[in-house]
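> Below is the structure I would like to discuss, written out as structure tokens.
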Amino acid sequence: MFDLSEEQKILLRNLKRVVKEKVGPAAAETDKTGAINWEIVSLFWDLGLLQIMLPPEYDGWPHNPSHTLCLSIEEIAKACASSALLLIIQAVGGYPLIFAGNDAQKKKYCPMISDQRNLIGYLVTEPGAGSDVQAIQCTAKRSGDDFILNGRKVFATNGSIAGIYSVLARTGDKELSFFLVERRLKGISIGRIEDKCGFRGSNTAEVILEDVVVPRASLIGKPGEGFKIAMGDFDMSRPAVAALSLGLAEGALDYTIEYARERHTFGKPLIQHQAIQFLLADASTLIEASRGLMERAALAFDSGEKNTKLASMAKYFCSDAAMKITTDMVQVLGGYGYIRDYPIERMFRDAKLTQIFEGANQIQRMIIGREISRR
Ligand SMILES: Cc1cc2nc3c(=O)[nH]c(=O)nc-3n(C[C@H](O)[C@H](O)[C@H](O)COP(=O)(O)OP(=O)(O)OC[C@H]3O[C@@H](n4cnc5c(N)ncnc54)[C@H](O)[C@@H]3O)c2cc1C
């Protein structure tokens, strides 16, 4: 919708090929086994997709990184939402370092990502703190030149396969702070691996921190800046979840249109029935509207414009649209839409998560309401 640079066009052309040849054909199996497809992870590193948000000197994307991230996520999610989520969590987990870290931290950790190909986990959610980030109980206590971390983080995407974590912990009564924590440190263990309804090809794990000693140099920004950093991260991640939702919806619609052309009922192709055309028309319209919001929110982030309201609008609109569209596409396929042999069933299960994570859609509406009432 918005003009693409030559570099973006080349990236998307290569990505389309990889999605067609590798990601798409593996999607059903990845969903079935729940195992991480390391060949795909490796391909994404080769294409530079897991480095997009890094500073350019560490292989990051020099112009409009958020827009490029979103377009890449959309392309992958058309075929496999679990694979697309790899890009989101890498960007979300990297945000504290990239946007609030100091030069020494970037010099140490960015090569661990770009050269050593470490995935990054984002450890914020806890059993008693999901939507309410301020309720976090994980503690980071000063001990000489170190901090000692204790707590239990849940629902961490890539939690058991990441090499580095961004951990939000309480450094004082009213103070939350981010720490960069290497997975190899003593005191870190993996708890439950979640058995999920959708995104079954994505790793979701509990990470337990018991007396984990981290040097003061791992603290991002100043003590107490953690909440502000987490909120800034959402301005980048919510357009990305919008892109994930959009890709899912497009994949579902494209598949269904082809199906409706082939399938005949009452002597004509399904697609010739007006009731079916209406469902497809609604889906196409929602997709066009979703694309506009998603791209605007991502480009606003890239230009440094305050995009909190737009990011929440894009996140909730696109994910609600994806849920409606995938539900309707199951309907168009009838009984076959409910059967695992058809990709629509997986897309329908995957779509539900987009309404829940990176701030559930009720929270997005609260944020939009708050931003409007401020004016
Ligand atoms: C597969 C998966 C992957 C995830 N990955 C990560 C990750 O990598 N890192 C991470 O930190 N977290 C992750 N999460 C956590 C996710 O962000 C949270 O689940 C989400 O923020 C909601 O928190 P909650 O589940 O505790 O729900 P709750 O906060 O308990 O909310 C329950 C419901 O109540 C609604 N609600 C809550 N408060 C209000 C209110 N004031 N007004 C109106 N409605 C309200 C919510 O919208 C929601 O619908 C992941 C979750 C899942 C399922």
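> When you scan the stretch 350-362, how many residues do you find that are buried (at least 17 other Cβ atoms within 10 Å of the Cβ) and either assigned to a helix (DSSP H, G or I) or more than 9 Å from the ligand (Cβ to nearest atom) (or both)?
Counting residues in the stretch 350-362 that are buried (at least 17 other Cβ atoms within 10 Å of the Cβ) and either assigned to a helix (DSSP H, G or I) or more than 9 Å from the ligand (Cβ to nearest atom) (or both) gives 6.
> Next question. If Arg170 meets every condition in (1) among the basic types (Lys, Arg); (2) farther than 15 Å from Gly226 by Cβ; (3) not assigned by TED's automatic domain parsing to the domain that holds Lys22 apart from one, which number is that one?
(2)
> Picking from Ala104, Ala100, Ala162, Ala140, which residue would you name as being within 13 Å of the ligand (Cβ to nearest atom) and out of contact with any Cys (no Cβ under 9 Å at 6 or more places or on another chain)?
Going through Ala104, Ala100, Ala162, Ala140 in turn, the sole match is Ala162.
> Any idea which of Ser72, Ser42 is of a type in the set (S, T, N, Q) and surrounded by fewer than 18 Cβ atoms within 10 Å (Cβ to Cβ)?
That would be Ser42, the only listed residue that is of a type in the set (S, T, N, Q) and surrounded by fewer than 18 Cβ atoms within 10 Å (Cβ to Cβ).
> Is one or more of the residues making up the stretch 39-59 of a type in the set (Gly, Ala, Ser) and within 28 Å of Leu176 (Cα to Cα)?
For the stretch 39-59, residues of a type in the set (Gly, Ala, Ser) and within 28 Å of Leu176 (Cα to Cα): absent.
> Looking for something within 9 Å of the ligand (Cβ to nearest atom), surrounded by 14 or more Cβ atoms within 10 Å (Cβ to Cβ) and in a strand (DSSP E or B) - is there at least one such residue anywhere in the stretch 109-122?
yes
> Do any strands (runs of 3 or more DSSP E) lying entirely in the stretch 129-243 carry at least 3 residues that are of a type in the set (Asp, Glu) and out of contact with any Asp or Glu (no Cβ under 6 Å at 6 or more places or on another chain), and which ones are they?
204-215
> Quick check on Lys309: is it within 15 Å of the ligand (Cβ to nearest atom) and basic (Lys, Arg)?
Spelling it out, it is not the case that Lys309 is within 15 Å of the ligand (Cβ to nearest atom) and basic (Lys, Arg).
> Among the residues of the stretch 316-336, is there at least one that is away from the ligand (no atom under 16 Å from the Cβ) and under 28 Å from Leu54 (Cα atoms)?
yes
> Between residues in the stretch 183-205 that are under 15 Å from Val154 (Cβ atoms) and modelled with pLDDT under 95 and residues that are within 9 Å of the ligand (Cβ to nearest atom) and not in a loop (DSSP other than H, G, I, E, B), which pairs lie under 9 Å by C-beta distance while being six or more apart or on different chains?
Nothing qualifies.
The values are calculated or read from the model by the stated rules, or taken from the named source; none is laboratory data. Since the model is a prediction, treat every value here as computed from it, not as a measurement. Don't worry about glycine lacking a Cβ; one is built from the backbone with ideal geometry, like all the others, and counts go over all protein chains shown.
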